[in-house]
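The values are calculated or read from the model by the stated rules, or taken from the named source; none is laboratory data. Since this is a predicted model, take the numbers as computed values, not measurements. All Cβ positions, even for glycine, are placed from backbone atoms using ideal geometry, and neighbour counts span all protein chains on display. Surface areas here come from the heavy atoms of the whole protein model, side chains and all, with no ligands, DNA or RNA. Shrake-Rupley method; radii C 1.70, N 1.55, O 1.52, S 1.80 Å.
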Amino acid sequence: MRITNQMQASFVTRSMQANLARMAELQEQGTSGRRLVRASTDPSSAADALLVRNQLATEKQYERNIANGEGWLATIDSTLGTVTDIVQRVRDLVIQGASDTTSADGREAIAVEIDELRTELLRQSNTTYLGRTVFAGTSDEGVAFRDDYTFTGTAGATVERRIGIDSTVQVDADGAAVFGQGPGSVFALLDTVVADLRTGTNVGNHLAAVDSRLSAVLTQHTVAGARQSQLERATDTNSGNQVSLEARRAGIEDVDIAEIAIDLQLKQVAYQATLSIGANILQPTLMDFLR
Amino acid sequence: MSSFAILNTARQGLNAAQAGIDVTGQNVANLNTSGYTRQRVQQSSVAPLSEMGLARFSQPVRNGQGVSVDGVARLGNLFLESRVRQTASSEGYSAVRATAFTSVEDVHGEPSDNGISATLQKFWSGWHDVSNSPGKEAQARVVVEQASGVVDRLAAGRGEVASQWQQARTSAVALVAEVNTIAGKVAALNAQIRDAAGQGGSVNELVDHRNELTTSLAQLAGAQTSSNPDGTVAVLLGGNLLVDGATTNQVTLAGSQSMDGTTTDPVRLEWAHRAGAAVALEGGDLAGRLSALAPASSGGVYTQAAAGYDALATSIATQVNALHATALTPSGAPGGNFFVFEAGKPPAAGIKVAVTDPGQVAVGAGGGALDGSVADKISRLGVAPDGPDSVWSAHVAQLAVKSSSATYDAKLATIASTAAFSDLLSHSAVSLDEETVNLVQYQHAYQGAARVLTAVDEMLDQLINRTGRVGL
């Protein structure tokens, strides 16, 4: 095979260009930190990368949902704690009122206190969180129980927060289950007790009703507590998921800077070798040796 | 034989050596000329004169009559040259396709924080937030803004692809003009070469120029060349003659001026003298460009990318609208369409957000005024197996596979083309060392012939001036 001057020149040029091209690619990857400059660099990894990004964004949204839900449930938790105390106090007062040792003045004092407690209970039932009534989550009326003790919420409607692809957690409480509604509600019961105390009727008959209302409140409190711990577990799972998804995404998309740095160094050495060899090939000709 | 005949022989030797040095000088001068093929003097020895009659017997020894310079040969190789043309044609084709795919992928910009899928994620997040706070104006406004963001990205992406189609078509028009110009030049050279060869002159440089032009035609349009006995070449495009001797047939670009019209009127190359007759290009830059401009059913790069945007727009609008229509706004009115399409435009370009007021965003389905269950369902479209996101990632993955295989093809074609060109250079380019040796050879031959001349001159001087003068 004849070697001609044009061949030598084009060979040296091509080698230098190939080295420079590879170095430029490494520099682009190193400075941007991304291995997948375009999807075609690695098509199957690109498809994976899109999926992982999708999942990561969804997990971040679930994190926000969980935080929002925790606010609701914390409000419900403290409210139900207060309600439990109030109903407990009402129970004690009813026992006291039903006792024969209480005088008429004593019964009047108990009636006044129970009346106050009923007002307080109604106020508690209309607790709001961020403008939403927690005991009638889907109602827009601003109160869960109106002054006539009717319930503003819709039966069977719940406020849910999505914490996973297929899992939601209910974050409101069913006011009708906690307090009853209308004439069967705890407020109406307290009104009856107050009226009976004032007319002198024995309120001991109402003790069973008060007990059943108390156990309803305790049941709902327990349910809310269980949901709260579900959310706490979900928080842990969620942050674990986010960390592992981010690691997966980085594994697919990002470059290993150390590897790039070493590779770049090797390519620079190769480039310098090409330059010096090219210089040695291109210079001497027969002309130098003939007189 | 006469002594003066030896003078003639020496003179011819000088001429031959001088011609050799001449041609060597031509080669060295064109050391770096691209497309130059090295030349050599062809010389042959001249046979002695055949004698008639009695002279045959009087002089049994007859010498040759010197050297004759037959011509200057061009040391080319038809096979290597045609191989260079073939590889240049496939290199042109695959390089254009690879570039088209790469630029379309840059428009998509996936996977990154700036692609459409990132915008879609924000849109679904917006629906989550609306589901968490139904009836709140702020979150509803945010989701309407995110929707506008998605719509804008869709329109911008499709518009960018369409404008790349437009640029490709414009450069195809320029290429066709170039093909016609080069064909004209080849025809002119054909005429010159035929005339010069007919008169017996040297046509090597003209042939070199013509070869460069036919290689460039091969790279541009996949043209094939065949040589005729009279020294001209015929250039064929898809089996039909582009250049025939000194005449050319022009080609012209026909077809739709906009990307959306290619389904009914694809961009194609036609013969100018026979309207409607398409040219079946076999390779080259122009063929690559036309295949990138083709409609989606024929594998057109730009049209398939635009179809991906359209599919995404249709999928988003259909699925979101279906759920939104089942929901009620916080004021109790039914939801209606969330996205609408402008008539007469392709889906990705014509999609618009139909909801202008945050109060028109429907979130619930009757479980109380502040129910957010439908908004939750809409936000789950982001992770649905047949949702818009999976439609989009399937499209991106397909495009990535096609693009990477086109890039690989282009690399292979470049390697083949470089190898073929290198082989041609090896055979036909000038080597300075070789020419230097030839120079030395011809120089010696010249010196030798000059010596012979001097010797004969002295002989004749002896014969003419000193014969018959004894002792003087």
*From the list B:Thr248, B:Thr225, B:Thr252, B:Thr264, which residue is over 23 Å from the mean Cα position of the chain (by Cα) and at pLDDT below 95?*
B:Thr264
*Confirm whether B:Ala147 is among the small types (Gly, Ala, Ser), surrounded by 17 or more Cβ atoms within 10 Å (Cβ to Cβ) and more than 14 Å from chain A (Cβ to nearest Cβ).*
yes
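For the stretch B:104-116, what are the residues that are part of a helix (DSSP H, G or I) and either open to solvent by less than 20 Å² (accessible area, probe 1.4 Å) or modelled with pLDDT of 95 or more (or both)?
B:Val104, B:Glu105, B:His108, B:Ile116
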*Please list, ordered by first then second residue, the pairs with beta carbon atoms under 6 Å, 6 or more apart or interchain, first in the stretch B:248-259 and within 10 Å of B:His273 (Cα to Cα), second open to solvent by 50 Å² or more (accessible area, probe 1.4 Å).*
B:Asn249/B:His273; B:Gln250/B:Ala272; B:Thr252/B:Ala272
*With respect to the numbered conditions (1) more than 27 Å from A:Ile76 (Cα to Cα); (2) modelled with pLDDT under 90; (3) of a type in the set (Ser, Thr, Tyr), which one is the sole condition not fulfilled by A:Tyr271?*
(2)
*asked:* Among the numbered criteria (1) among the polar types (S, T, N, Q); (2) touching a residue at least 60 places away in the same chain (Cβ under 8 Å); (3) surrounded by fewer than 14 Cβ atoms within 10 Å (Cβ to Cβ), which one does A:Ser215 miss?
replied: (2)
*Selection from the stretch A:33-52 of residues that are at the interface with chain B (Cβ under 10 Å from one of its Cβ atoms) and not hydrophobic (A, V, I, L, M, F, W, C)*: A:Arg34, A:Arg38, A:Ser40, A:Thr41, A:Asp42, A:Pro43, A:Ser44, A:Ser45, A:Asp48
*(1) within 11 Å of another protein chain (Cβ to nearest Cβ); (2) charged (D, E, K, R); (3) closer than 30 Å to B:Ser227 by Cα: which one isn't true of B:Asp70, the others all being true?*
(1)
*If only one of A:Gln17, A:Gln27, A:Gln55 is at the interface with chain B (Cβ under 9 Å from one of its Cβ atoms), part of a helix (DSSP H, G or I) and not small (Gly, Ala, Ser), which one is it?*
A:Gln55
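Among the residues of the stretch B:202-243, count how many are part of a strand (DSSP E or B), open to solvent by 30 Å² or more (accessible area, probe 1.4 Å) and either touching a residue at least 40 places away in the same chain (Cβ under 8 Å) or in contact with a Cys (Cβ under 9 Å, 6 or more places away or on another chain) (or both).
Let us first name the residues in the stretch B:202-243 that are part of a strand (DSSP E or B), namely B:224-227, B:233-237, B:240-243.
Still in the list and also open to solvent by 30 Å² or more (accessible area, probe 1.4 Å): B:224-227, B:236, B:240-241.
Narrowing further to those that are either touching a residue at least 40 places away in the same chain (Cβ under 8 Å) or in contact with a Cys (Cβ under 9 Å, 6 or more places away or on another chain) (or both): B:224-225, B:227.
Final tally of qualifying residues: 3.
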*Of the residues B:Ser404, B:Ser390, B:Ser373, which single one is touching a Leu at 6+ places or on another chain (Cβ under 9 Å), at the interface with chain A (Cβ under 10 Å from one of its Cβ atoms) and not hydrophobic (A, V, I, L, M, F, W, C)?*
B:Ser390
*Considering only residues that are hydroxyl-bearing (Ser, Thr, Tyr) and away from chain A (no Cβ under 14 Å), look in the stretch B:419-472 and name the one that is farthest from A:Pro284 (Cα to Cα).*
B:Thr467
*Scope the stretch B:265-310; condition closer than 11 Å to B:Arg97 by Cα and not in a loop (DSSP other than H, G, I, E, B); matching residues*: B:Gly284, B:Asp285, B:Leu286, B:Ala287, B:Gly288, B:Arg289, B:Leu290, B:Ser291, B:Ala292, B:Leu293, B:Val301, B:Tyr302
*Given (1) out of contact with any Lys or Arg (no Cβ under 7 Å at 6 or more places or on another chain); (2) touching a residue at least 60 places away in the same chain (Cβ under 8 Å), where does A:Gly251 come up short, assuming only one miss?*
(2)
*Residue ranges of helices (runs of 4 or more DSSP H) in the stretch B:347-466 with at least 3 members outside the structural domain of B:Phe123 (by TED's automatic domain parsing), crowded, with 18+ Cβ neighbours inside 10 Å and in contact with a helix residue (DSSP H, G or I) (Cβ under 7 Å, 6 or more places away or on another chain)*: B:388-428, B:432-466
_Filter the stretch A:147-167 down to the residues that are more than 18 Å from B:Gly368 (Cα to Cα) and not in a loop (DSSP other than H, G, I, E, B) and list them by number._
A:Arg162
_Residues (among the charged types (D, E, K, R), under 24 Å from A:Ala188 (Cα atoms) and open to solvent by 20 Å² or more (accessible area, probe 1.4 Å)) located in the stretch A:128-176_ = A:Asp140, A:Glu141, A:Arg146, A:Asp147, A:Asp148, A:Asp174
